[in-house]
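The values are calculated or read from the model by the stated rules, or taken from the named source; none is laboratory data. Quick caveat, the model's predicted, so the values are computed rather than measured. With ideal geometry, Cβ positions are generated from the backbone for all residues, glycine too; neighbour counts draw on all protein chains shown. Quick note on the areas: whole protein, heavy atoms, side chains included, nothing else; ligands and nucleic acids left out. Shrake-Rupley method; radii C 1.70, N 1.55, O 1.52, S 1.80 Å.
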Amino acid sequence: MTEIWTTDAMPVHYAQYCIVGPHSISNDADEFRRIREGNTVAAAQPDLLTVRCGTHTGPIRVTIDRTNVPPDAPSPHWETSVEVSMHASKDLGLQAWGGEESPNAGNIAHAGPGWYRVLIQTRGRDQGKALNTANEWVEEHYLTIWPAAPEAEVVHWINDRVGLGSYSPEREPQLPIFPDSNPNEDAEDSALRSWAKISGFIIDDSEAIPSYIREAAKLSGYNLSKTEDLQRDEE
């Protein structure tokens with residue numbers, strides 16, 4: 001099953017738009033920081049995918065490609081290409097910043113509640129940034145979504161100036177955020193908890209992270225130093 005939907009009038013404000021579900025919890029500044037300091041294109045958490053644009057205000061072209069199987073290799077015709085995992089508690093919909101009415105893409109979580117993989121490909125972000133406010137679209141995004149087990153993000157390539165301004169290939173890939181993660185946990189422990197689950201550890205989300213998990217992470221070479229540095233910069 002493949003269902004492709006396209007709009008030339010996706011409204012963008014503050015250089016972003018979202019895919020959201022009924023239980024999304026978002027702080028715009030935090031999400032945009034995760035994108036800027038991460039893959040520079042998108043960041044996911046349960047019931048929320050935030051996508052960064054070059055266009056500050058105005059329409060862009062967005063295509064949603066719903067499929068049941070992984071897509072072909074990313075196309076070199078796109079300037080950026082990244083994959084992330086997100087969890088849907090129920091239906092997911094396309095939404096402009098601030099909840100503004102958006103073109104109706106239907107339910108993006110087409111296989112029902114559960115984990116999805118999203119391939120985000122973009123081009124024209126530099127042109128959109130140069131315009132700042134667009135009257136007609138100059139920027140295009142293609143999102144492919146399919147059901148898949150959670151995995152760390154994959155950056156296929158970042159080739160536009162919007163992304164290259166902050167992207168570092170040396171950074172650790174972001175791990176998926178699980179729906180039962182503790183929202184009061186700091187970024188370091190949230191990332192460590194996700195790493196433990198992906199690595200096969202059984203961990204009680206109502207309890208503190210056991211010390212043996214921290215030791216196992218160190219032995220595996222898992223590096224939280226970039227998260228720690230970022231936290232120190234914000235203090």
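Roughly what percent of Cα-Cα pairs across the range 72-178 reach past 17 Å? Across the range 72-178, Cα pairs with separations above 17 Å total 63 percent. Counting protein heavy atoms only, the range 1-138 has 48 percent of its accessible area on carbon and sulfur, 1.4 angstrom probe. Secondary structure note: in the range 52-206, about 75% of the DSSP beta bridges are antiparallel. The GluC sites (Glu not before Pro) of the range 71-116 meeting both criteria, a DSSP state outside H, G, I, E and B (loop) and at most 16 other C-beta atoms within 10 angstrom of the site's C-beta, are Glu100, Glu101.
Values of log10 I(q)/I(0) for the chain across q = 0.14, 0.15 Å⁻¹ run -0.89, -1.03, by the Debye formula with one identical scatterer at each alpha carbon and no solvent.
Pairs of lysine residues in the chain that meet both criteria, 8 or more places apart or on different chains and Cα atoms under 23 Å apart, total 4. Solvent-accessible area per residue in the range 1-113 equals 42 Å², computed with a 1.4 angstrom probe and all protein chains kept.
Taking a quarter of the surface of the Cα convex hull of the range 1-60 gives a mean projected area of 5.0 nm². Measuring nothing but alpha carbons in the range 70-115 and taking Rh as the Kirkwood radius, the Rg to Rh ratio lands at 1.03.
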